[in-house]
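Worksheet: one structure, shown below.
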């Protein structure tokens with residue numbers, strides 16, 4: 001049965017090749033008027049003039065967009081949604097001048113979430129994560145990546161990934177699981193008798209093979225940053241992940257330049273994320289590669305750090321730039337993905353078209369899904385979001401507001 005989406009003030013298609021967009025390709029998001037979208041089952045079958053599609057599909061059921069803006073469902077390609085308690089106390093510490101790495105040295109930061117998660121059951125974590133993902137979906141996100149990474153033992157990482165598996169079964173949105181056992185060196189491996197080498201070996205020889213054999217993750221990620229994982233450790237851990245069939249992601253050059261972006265490009269990682277401290281050689285390396293540069297402006301804003309990722313330089317160099325929320329309990333506790341578009345325009349100096357493509361097509365590319373979702377075009381998954389605005393430029397303009405009226409994933413209702 002065909003469904004026609006009609007009476008939209010604008011249809012934003014983001015249509016084009018099923019790959020990441022670069023440079024001047026990001027200047028046009030394909031904003032159309034007097035346009036309808038036809039969906040048959042899980043796929044978009046046509047996008048064209050309203051009257052023409054009504055003649056082509058005379059018996060179709062209709063969805064009245066009520067003069068809102070119809071766009072591709074948003075793709076949030078970097079989140080940490082499996083955690084227990086919030087870490088609101090750290091916000092005050094930062095306001096008092098205590099830095100991110102100092103909080104970590106005191107046993108806070110990621111280590112605080114690790115202690116908390118280890119004490120919770122799978123059912124508890126599922127009950128906490130389910131409403132979070134529903135709130136993410138309520139803002140127009142139809143595809144979301146969710147990482148483990150607050151367990152840092154084999155059993156606790158498997159527990160987190162099984163929660164993600166349960167969420168995949170329970171929710172209509174597309175959920176992509178990522179193994180982030182290399183989120184930190186656990187405190188118990190930072191001093192004798194255990195060592196960081198022992199934990200790296202555990203990741204390489206036990207955790208990654210088990211995650212891969214149980215089919216619990218698509219990606220493996222690592223926090224490659226001075227004070228966390230070195231370039232050599234990153235190369236070793238991600239090499240093991242690739243041997244076991246996992247695709248690669250990196251937390252790269254977030255706080256200090258370390259060559260992580262260059263390593264991501266060298267390894268052919270699907271994405272390198274954060275990049276607030278990326279170097280000029282790192283920008284050139286990403287621009288010359290197929291690795292998507294995923295920027296997380298909410299993190300730098302929440303941390304109160306003045307330097308955001310150099311979006312303009314990355315785009316000018318020809319890198320594929322995506323946006324993501326980095327939703328997590330310590331440094332970006334927000335489910336509002338459209339707020340990232342606001343920050344992209346106001347802080348990263350991206351145009352609305354660039355921000356929108358970064359949040360759809362390029363976000364999909366950061367998950368290896370650009371040939372399937374992220375645009376409204378025939379043959380693509382029927383992943384749509386309807387916003388209560390009259391012009392797509394209002395989406396980043398009404399910052400912090402909730403404007404998503406309804407969304408659909410694979411043609412099925414997701415929100416609203």
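All of the numbers you see were taken from the coordinates with simple rules; none came from a lab. Just so it is clear, the structure is predicted and the values come from calculations on it, not from any experiment. Ideal geometry is used to build each Cβ from the backbone, glycine not excepted, and the neighbour counts take in all protein chains shown.
Determine which residues of region 344-374 fall in the zone a paramagnetic label at residue 399 would reach in this model, i.e. backbone nitrogen under 13 Å from the point 7 Å along Cα→Cβ.
Residues 344-350 qualify, since their backbone N sits under 13 Å from the label point.
What does the highest-first list of 407-415, 259-267, 233-241 look like by mean Cβ count within 10 Å?
Peptide ranking by packing, descending: 259-267, 233-241, 407-415.
Note down the nm distance, to one decimal, between modelled labels 7 Å out along Cα→Cβ at residue 64 and at residue 169.
4.0
Mind ranking 249-256, 114-121 by how tightly packed they are, going by the mean number of other C-beta atoms within 10 angstrom, highest first?
Put in order of decreasing packing, that is 249-256, 114-121.
Pairing the Cα long axis of helix 122-138 with the longest principal axis of the chain, what angle in degrees results, from 0 to 90 and rounded to the nearest 10?
Here the helix axis deviates by roughly 40 degrees.
Assuming R0 = 35 Å, can you tell me the calculated FRET efficiency for the pair residue 52 and residue 24, based on Cβ-Cβ distance, to the nearest 0.05?
Rounded to the nearest 0.05, the efficiency is 0.70.
To the nearest 10 degrees, how steeply does helix 154-170 sit against the main Cα axis of the chain, on a 0 to 90 scale?
Taking Cα atoms only, the helix is inclined about 10 degrees.
Can you sort 203, 357 so the residue with the fewest Cβ neighbours within 10 Å comes first?
203, 357
What distance in nm lies between label points placed 7 Å from Cα along the C-beta direction at residue 89 and residue 290?
About 4.7 nm, to one decimal.
Would you list 286, 125 from fewest to most Cβ contacts within 10 Å?
Ranked by crowding around the Cβ, least crowded first: 125, 286.
Which order, highest average first, do 88-94, 139-145 follow once you tally other Cβ atoms within 10 Å for each residue and take the mean per peptide?
Ranking, from highest mean packing down: 139-145, 88-94.
Between residue 138 and residue 118, what FRET efficiency comes out of the Förster formula 1/(1 + (r/R0)^6) with R0 = 35 Å and r the beta carbon distance, rounded to 0.05?
Step by step, r from the Cβ atoms, then E = 0.70.
Using the number of other C-beta atoms within 10 angstrom as an exposure proxy, rank 350, 340 with the fewest first.
So the residues, fewest neighbours to most, are 350, 340.
Taking the simple approach of a point 7 Å from Cα along Cα-to-Cβ for both residue 206 and residue 188, what is their distance in nm?
1.0
Tally the DSSP beta bridges in the chain and give the antiparallel ones as a percent, rounded to 5.
45
Among 128, 275, 158, whose mean-square fluctuation peaks in a Gaussian network model of the chain (Cα, cutoff 10 Å)?
Between 128, 275, 158, it is 128 that shows the largest mean-square fluctuation.
Rounded to the nearest 500 deg cm²/dmol, what is the calculated helix-only ellipticity per residue at 222 nm for the chain, with -39500 (n - 2.57) per DSSP H run of length n ≥ 4?
-9500 deg cm²/dmol
Give the distance, in whole Å, between the Cα centre of region 272-286 and the Cα centre of region 215-262.
14
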